[in-house]
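Student: Structure provided below as structure tokens; questions to follow.
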Amino acid sequence: MDVNQFKERYVKKFEEMYAFDYKEGSIREQFLTLGYLIKNMYAPEWRQTSDTYLENKSKQVFYFSMEFLPGTMLKSNLLNLGLLDTVSDGLKELGLNLDEVATGEMDPALGNGGLGRLAACFMDSIASNGLAGHGNGIRYQYGLFKQKFIDGNQIELPENWLRNGNVWEVRRENKAVTVRFGGHVTLDEDENGVKRPEYHNTMNILAVPYDTAQVGYDNGVVNNLRLWSAEIPYGEEYLYPTDEARDQVKQITEYLYPDDSNYEGRMLRLKQEYFFSSAGVQSIIRYYKKMDLDWSFFPDKIAMHINDTHPTLVIPELMRILMDEEGLSWEQAWEITKKTVSYTNHTILQEALERWPVDMIAQLLPRIYQIIVEINRRHIEKKIPLYGEDLTYRTAIIDHGQIQMANLAIIGSHSINGVAKLHTDILMNQTLHDFYLMYPNKFNNKTNGVTMRRWVQISNPGLTALLDDVIGTKWKKAPNELVVLKAFANDKDVLKRLDEVKLNNKKKFAKYVQEEMGITIDPTAIFDVQIKRLHAYKRQLLNVLHILDRYSFIKENPNTDIPKRVFIFGAKAAPSYHYAKQIIKLINEVANMINNDDSINDLIKVVFVENYGVSLAELIIPAADISEQISLAGKEASGTSNMKLMANGALTLATMDGATVEIHDYVGKDYIYIFGMTNDEVQTLNENRTYHSRHLYETNPRINKVLNMLVDGSIPNTEEIGQDIFDSLVKYNDEYYLLQDFDSYIEAHKRADTDFKDRMKWNKKALMNIANAGPFSADYTIHRYADEIWKMKPGEENILLQPEA
Ligand code: CBF
């Protein structure tokens, strides 16, 4: 399609939809017109892809995830269809602007953070690698809450992302399935003497799928993301006569739980987990039957991947359907299930590991409960002779009245992977060591990755143009080609152009900050960025302590020549996470104090953006100079903002944690600022029990001064929270060892200050980061999942080479 054809089709579409002149359309109407037009364009390929998979009986993977955080889809669809420039030029000729039209799209916040965003990157990479793979999740009516700051406090507002409809989705009523809850089950013998379950008094919910196309990059592949919505079954409305009864159904897919690192044993959450697991498995089984193959081929044609333990009920559900509905024996069903399912662990935080009270599962899912009990019984019976009682019972699924979902996920699958090398090592050697002894071959690492399409091509067009010009366009399909950029590490012209690209991105962000927040920031300052969920282990507080230290230094040395810094935060706290919300308030008050202090000559500014999400990340990441990855070593499973920031030329200032360890290994020690304890040192400190934070407070004058600022009235409006935070660090012995890492953190920042003053030196470091970012492309990660776990082959022309460390 050329520009003229596009213009013609656009104008026609607009008039068909609205029956007036497109020039009078609102931004939303312009966006919807474009959205429907694009959808019409890929619809034939969407259908064709699915027909081809069925005809070829291709192996397909189904990625079960409670969260998908895709970001807006207009530009990514245009990019992947190869239409970005055509549409941008065409709109311009029509007097419209693509960037403005794109603001008409709501950003679907159907995830909390890293896990959901990873799932979205994977969807893009699966399609772009030419793999037959689809997502399976929940169509939440309300996404993650909208964050507002009122007097510096986080307030949560509902995020009604579907308010104006969703142009990308297709409701597929004819593909709905029924999910049963509650009631009780009897096992009655059929005419052949086989025990069959009979369900009594169940609550039946209709699961209606909404499908969204996942358009592959320049390869004609269009996969599917299927999100399920809960409804009252047709003809059963009379069973729900009251508002309360109807609400019970609606509630199942109404809200996303707004916590990504804490397990909450709520009935509604359990309902959600079973709802989308069961609906997904049922629809896959129905599909498999269309292939008309024997059940023994099931694992050769279908892979089901569970993203963390939230969809673990896929395992007993698949068992249930294979046995109860398809008549397979336990042994046959168990072999198929294990070979089909694989599981990714995303956290070692104890408080995030899911376990459900036995009573709850028994009451809500009686047949599933029977199956879990039997899986557990057989596991114990089989393993005791091999591993003894102690070890075997430590791996039991049912323990102290709780169902351990990670144990069920490991026992019922053929693969468990961590999301970065260090994380996988910790799983094998500590957290899941008993399982590792039992099933060493199930364990493997799959370091996370990010899609360079969204995180470089779409969000950073300036850098994309520079790369295309300097190293050619191969990197777009083979991100490892970015390494060619290293040849230009000392090329003054390229470094200068890189500097200009960054400056323009910083200006763009500065404009946003000025317009939305009324804060003036200098684009030539260092933009120091920490964007992630607010959690104590991620140590945003350490960042604040550094800011306070720097502030008091500047107050005492007003003529210092340190470069200007803008500290940028983006973070949501779980609504019930009191401590995290106190840190938010602290950051906002520190920002207020510093931003309004004329005596420091703008040497520091603090910007805490409200409602951080994918769209804001697209604005902030290209503008970043420093990427703060400062979690306590051993706590962050992987991190993915570290990869996005690196690919955009930010220098990482970090502990050796998660995938940052691998970033360090690729980029080299001269191009990254590492500080703080290693995981081994943290472990030793934990074991020795020799840490006394109060001692550090009393003996380290710098720490003493900064901590006193929290309680001596230096920071307005923080009396109560200042004391609580102070106590967490001094009285309660600083659980995440901030004070232990404080000095080396400050030193790392000093090194960055010095380097930033030498522009060419800094730009060379930025360039080296971009050049080494290729291995962190999700395309490679997905290639490894496909090859080693799902046993699937990518489409011919998209075979990607494994990056070498
Ligand atoms: O693996 C993706 C991300 O998942 C988390 O966000 C999670 O929800 N458990 C982890 O905290 C991240 O480290 C990880 O990158």
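Student: Mind checking which residues of the stretch 188-202 are part of a strand (DSSP E or B) and in contact (Cβ under 8 Å) with a residue 24 or more places away in the chain?
Tutor: Passing the criteria: 196, 197, 199.
Student: Restricting attention to the stretch 14-27, which residues are assigned to a helix (DSSP H, G or I) and either surrounded by fewer than 15 Cβ atoms within 10 Å (Cβ to Cβ) or in contact with a Cys (Cβ under 6 Å, 6 or more places away or on another chain) (or both)?
Tutor: Once the filter is applied, which keeps residues that are assigned to a helix (DSSP H, G or I) and either surrounded by fewer than 15 Cβ atoms within 10 Å (Cβ to Cβ) or in contact with a Cys (Cβ under 6 Å, 6 or more places away or on another chain) (or both), the stretch 14-27 yields 15, 16, 23, 24.
Student: Looking at the stretch 239-283, which of its residues are closer than 20 Å to residue 201 by Cβ and outside any helix (DSSP H, G or I)?
Tutor: The answer is 240, 241, 242.
Student: I need the full set of residues from the stretch 167-216 which are under 37 Å from the mean Cα position of the chain (by Cα) and of a type in the set (A, V, I, L, M), in order please.
Tutor: Matches in the stretch 167-216: 167, 170, 176, 177, 179, 203, 205, 206, 207, 208, 213, 215.
Student: Does residue 366 satisfy the criteria of being within 16 Å of the ligand (Cβ to nearest atom) and either more than 17 Å from residue 282 (Cα to Cα) or surrounded by 16 or more Cβ atoms within 10 Å (Cβ to Cβ) (or both)?
Tutor: no
Student: State yes or no: is residue 221 assigned by TED's automatic domain parsing to the domain that holds residue 287, out of contact with any Lys or Arg (no Cβ under 6 Å at 6 or more places or on another chain) and either closer than 30 Å to residue 40 by Cα or surrounded by 19 or more Cβ atoms within 10 Å (Cβ to Cβ) (or both)?
Tutor: Yes, satisfied.
Student: Condition check: more than 16 Å from the ligand (Cβ to nearest atom), assigned to a helix (DSSP H, G or I) and in contact (Cβ under 8 Å) with a residue 24 or more places away in the chain. Does residue 286 satisfy that?
Tutor: yes
Student: Could you please find all residues in the stretch 592-629 being within 13 Å of the ligand (Cβ to nearest atom) and aliphatic (A, V, I, L, M)?
Tutor: none
Student: Here's something else I'd like to know. Return the pairs, sorted by first residue and then second, in which the second residue is away from the ligand (no atom under 14 Å from the Cβ) and modelled with pLDDT under 95, the first residue lies in the stretch 301-312 and is not assigned by TED's automatic domain parsing to the domain that holds residue 335, the beta carbons are less than 6 Å apart, and the residues are 6+ apart or on different chains.
Tutor: none
Student: Scanning the stretch 328-358 for residues that are among the small types (Gly, Ala, Ser) and modelled with pLDDT of 95 or more, which turns out nearest to the ligand (Cβ to nearest atom)?
Tutor: The residue in question is 342.
Student: Return the residue satisfying two criteria in turn: it lies in the stretch 264-283 and is in contact (Cβ under 8 Å) with a residue 24 or more places away in the chain and surrounded by fewer than 18 Cβ atoms within 10 Å (Cβ to Cβ), and of such residues it is farthest from residue 401 (Cα to Cα).
Tutor: So, considering only residues that are in contact (Cβ under 8 Å) with a residue 24 or more places away in the chain and surrounded by fewer than 18 Cβ atoms within 10 Å (Cβ to Cβ), the one farthest from residue 401 (Cα to Cα) is 267.
Student: I've got another one for you. Every residue in the stretch 433-456 that is aliphatic (A, V, I, L, M), crowded, with 24+ Cβ neighbours inside 10 Å and away from the ligand (no atom under 15 Å from the Cβ), please.
Tutor: 452, 456
Student: Here is a follow-up. Among the listed residues 325, 317, 331, which satisfies the condition of being more than 17 Å from residue 416 (Cα to Cα), in contact with a helix residue (DSSP H, G or I) (Cβ under 6 Å, 6 or more places away or on another chain) and among the acidic types (Asp, Glu)?
Tutor: 317
Student: Separate question: Out of curiosity, is residue 238 at pLDDT below 95 and of a type in the set (Phe, Trp, Tyr)?
Tutor: yes
Student: Follow-up question, since we're still on this one. Given the criteria outside the structural domain of residue 217 (by TED's automatic domain parsing) and assigned to a loop (DSSP other than H, G, I, E, B), does residue 454 qualify?
Tutor: For residue 454, the condition - outside the structural domain of residue 217 (by TED's automatic domain parsing) and assigned to a loop (DSSP other than H, G, I, E, B) - is not met.
Student: Could you say which residue among 91, 96 is assigned to a helix (DSSP H, G or I), at pLDDT 95 or above, touching a helix residue (DSSP H, G or I) at 6+ places or on another chain (Cβ under 7 Å) and under 28 Å from residue 8 (Cβ atoms)?
Tutor: Matching residue, one of 91, 96: 91.
Student: Are there helices (runs of 4 or more DSSP H) fully within the stretch 488-597 with at least 2 residues that are in the same structural domain as residue 610 (by TED's automatic domain parsing) and surrounded by 22 or more Cβ atoms within 10 Å (Cβ to Cβ)? List them.
Tutor: The helices (runs of 4 or more DSSP H) meeting that bar are 540-556, 578-595.
Student: Can you name the number of the only condition in (1) buried (at least 18 other Cβ atoms within 10 Å of the Cβ); (2) in contact (Cβ under 8 Å) with a residue 12 or more places away in the chain that residue 11 fails?
Tutor: With (1) buried (at least 18 other Cβ atoms within 10 Å of the Cβ); (2) in contact (Cβ under 8 Å) with a residue 12 or more places away in the chain applied to residue 11, the lone miss is (1).
Student: Go through the stretch 610-634 and count every residue that is more than 19 Å from the chain's Cα centre (by Cα) and outside any loop (DSSP other than H, G, I, E, B).
Tutor: Within the stretch 610-634, residues that are more than 19 Å from the chain's Cα centre (by Cα) and outside any loop (DSSP other than H, G, I, E, B) number 2.
Student: Residue by residue through the stretch 99-111, note down the ones that are surrounded by fewer than 22 Cβ atoms within 10 Å (Cβ to Cβ) and either within 15 Å of the ligand (Cβ to nearest atom) or assigned to a loop (DSSP other than H, G, I, E, B) (or both).
Tutor: The answer is 103, 104, 106, 107.
Student: Can you spot a residue in the stretch 327-334 that is in contact (Cβ under 8 Å) with a residue 12 or more places away in the chain and either in contact with a Ser or Thr (Cβ under 7 Å, 6 or more places away or on another chain) or among the acidic types (Asp, Glu) (or both)?
Tutor: So far as the stretch 327-334 goes, no, none of its residues is in contact (Cβ under 8 Å) with a residue 12 or more places away in the chain and either in contact with a Ser or Thr (Cβ under 7 Å, 6 or more places away or on another chain) or among the acidic types (Asp, Glu) (or both).
Student: If you scan the stretch 122-136, which residues turn out to be within 16 Å of the ligand (Cβ to nearest atom) and either over 17 Å from residue 227 (Cβ atoms) or not assigned by TED's automatic domain parsing to the domain that holds residue 260 (or both)?
Tutor: Scanning the stretch 122-136 gives a single hit, 125.
Student: Condition first: within 16 Å of the ligand (Cβ to nearest atom), at pLDDT 95 or above, crowded, with 22+ Cβ neighbours inside 10 Å and assigned to a helix (DSSP H, G or I). Can you find one or more residues in the stretch 408-416 that meet it?
Tutor: Yes, the stretch 408-416 contains at least one residue that is within 16 Å of the ligand (Cβ to nearest atom), at pLDDT 95 or above, crowded, with 22+ Cβ neighbours inside 10 Å and assigned to a helix (DSSP H, G or I).
Student: Can I ask one more? Can you pull out every residue in the stretch 698-725 that is without any contact (Cβ under 8 Å) to a residue 60 or more places away in the chain and farther than 19 Å from residue 553 by Cβ?
Tutor: Of everything in the stretch 698-725, those that are without any contact (Cβ under 8 Å) to a residue 60 or more places away in the chain and farther than 19 Å from residue 553 by Cβ turn out to be 698, 699, 711, 713, 719, 720, 723.
Student: May I pose another question? Could you list, in sequence order, the residues of the stretch 149-163 that are of a type in the set (Phe, Trp, Tyr) and in contact with a helix residue (DSSP H, G or I) (Cβ under 7 Å, 6 or more places away or on another chain)?
Tutor: Listed by number, the list holds a single entry, 149.
Student: Would you confirm whether any residue within the stretch 511-531 is closer than 19 Å to residue 606 by Cβ, within 16 Å of the ligand (Cβ to nearest atom) and among the polar types (S, T, N, Q)?
Tutor: yes
The values are calculated or read from the model by the stated rules, or taken from the named source; none is laboratory data. All values reported here derive from a predicted model rather than from experimental measurement. Ideal geometry is used to build each Cβ from the backbone, glycine not excepted, and the neighbour counts take in all protein chains shown.
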